[in-house]
Amino acid sequence: MEPKDYRILLAEKGVEEIKKLSNSLRILKRKEFIAKIEEISAKLQTVKYSYMPAEEVAKLEEILKISEISSKLRKEIQQRDLQGLTADYWLEYLENLPELMKRGEIMKIYEAIRFFSGDVLSKRKLDRLWLCLFDCGFKLEVVTNSEALAVGRRVVAYLPPRKFGEVISRGMFVEATLEKKGELSIEEIRKISRSLGEVEALLISLLSSKG
């Protein structure tokens, strides 16, 4: 695994975002929370420059500790506004980093995130957008500008939360369907790669953003 592996770059972006949000989060032990994020950051650098195959990286003590710390920190975030959901997303990403590494070597940035197949349970019109309740084993609210995507069995790219007016979208529908319900494997993600251009562009933009 190279230091520029997209999973590592996204994990670093996540740490950066959590640091920026730390003062706006309603948490009881803020100093301890920030210290734990710094610990994650340090361990992430060890993982980054391990130069081991991704499957071996998944077993490293440092990455398992990152996962353990992130899991505990998620329990401290109770707020469900954009700041809280964003911090929770990135901590969940860090928590799942060992599993993401088990995918082996990857070439595309969309192979570094999770995708879920499930059903649109309901939709609500918002000006020119639709707010959908999506069930993939757990429930997500997803905003789309396509009414055609706001119905039936769909695939969602699980992305950092984004605000559209007064509502928050926690993913993006992609032009693909699978029979299964639940998380897609890396093989299933690659099979729908032709539908992931917009997801790829969004993730590349996310990594390049400074704000």
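The values are calculated or read from the model by the stated rules, or taken from the named source; none is laboratory data. Small disclaimer: the values here were computed from a predicted structure and weren't measured. Neighbour counts are summed over all protein chains in view; Cβ atoms, including those assigned to glycine, are modelled from backbone coordinates with ideal geometry.
At a glance:
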item	result
Residue list for segment 66-115, restricted to those being touching a Gly at 6+ places or on another chain (Cβ under 7 Å), part of a helix (DSSP H, G or I) and either closer than 20 Å to LYS163 by Cα or of a type in the set (Phe, Trp, Tyr) (or both)	TRP90, TYR93
Selection from segment 193-211 of residues that are touching a helix residue (DSSP H, G or I) at 6+ places or on another chain (Cβ under 7 Å) and surrounded by fewer than 15 Cβ atoms within 10 Å (Cβ to Cβ)	ILE204, LEU207
Top-ranked residue of segment 119-147 - restricted to ones that are among the hydroxyl-bearing types (Ser, Thr, Tyr) and over 21 Å from the mean Cα position of the chain (by Cα), ranked as modelled with the highest pLDDT	SER122
Residue match in segment 88-106 (condition: surrounded by fewer than 19 Cβ atoms within 10 Å (Cβ to Cβ) and aliphatic (A, V, I, L, M))	no
Count of segment 137-194 residues which are hydroxyl-bearing (Ser, Thr, Tyr) and assigned to a loop (DSSP other than H, G, I, E, B)	3
Candidate set from segment 7-35 (those that are part of a helix (DSSP H, G or I) and over 20 Å from the mean Cα position of the chain (by Cα)); member that is nearest to LYS72 (Cα to Cα)	PHE33
SER117 under 30 Å from MET1 (Cα atoms) and either of a type in the set (A, V, I, L, M, F, W, C) or surrounded by 13 or more Cβ atoms within 10 Å (Cβ to Cβ) (or both)	yes
Odd one out for TYR110 among (1) of a type in the set (Phe, Trp, Tyr); (2) under 18 Å from LYS191 (Cβ atoms); (3) touching a Ser or Thr at 6+ places or on another chain (Cβ under 6 Å)	(3)
Identity of the residue in segment 21-42, surrounded by 13 or more Cβ atoms within 10 Å (Cβ to Cβ) and basic (Lys, Arg), that ends up modelled with the lowest pLDDT	ARG30
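Each row is one residue, and each column tells you yes or no for (1) under 18 Å from the mean Cα position of the chain (by Cα); (2) buried (at least 16 other Cβ atoms within 10 Å of the Cβ); (3) at pLDDT 95 or above.
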site: LEU149; (1), (2), (3): no, yes, no
site: VAL156; (1), (2), (3): yes, yes, yes
site: LEU159; (1), (2), (3): yes, yes, yes
site: GLY165; (1), (2), (3): no, no, no
site: MET172; (1), (2), (3): yes, yes, yes
site: GLU179; (1), (2), (3): no, no, no
site: SER185; (1), (2), (3): yes, no, yes
site: LYS191; (1), (2), (3): no, no, yes
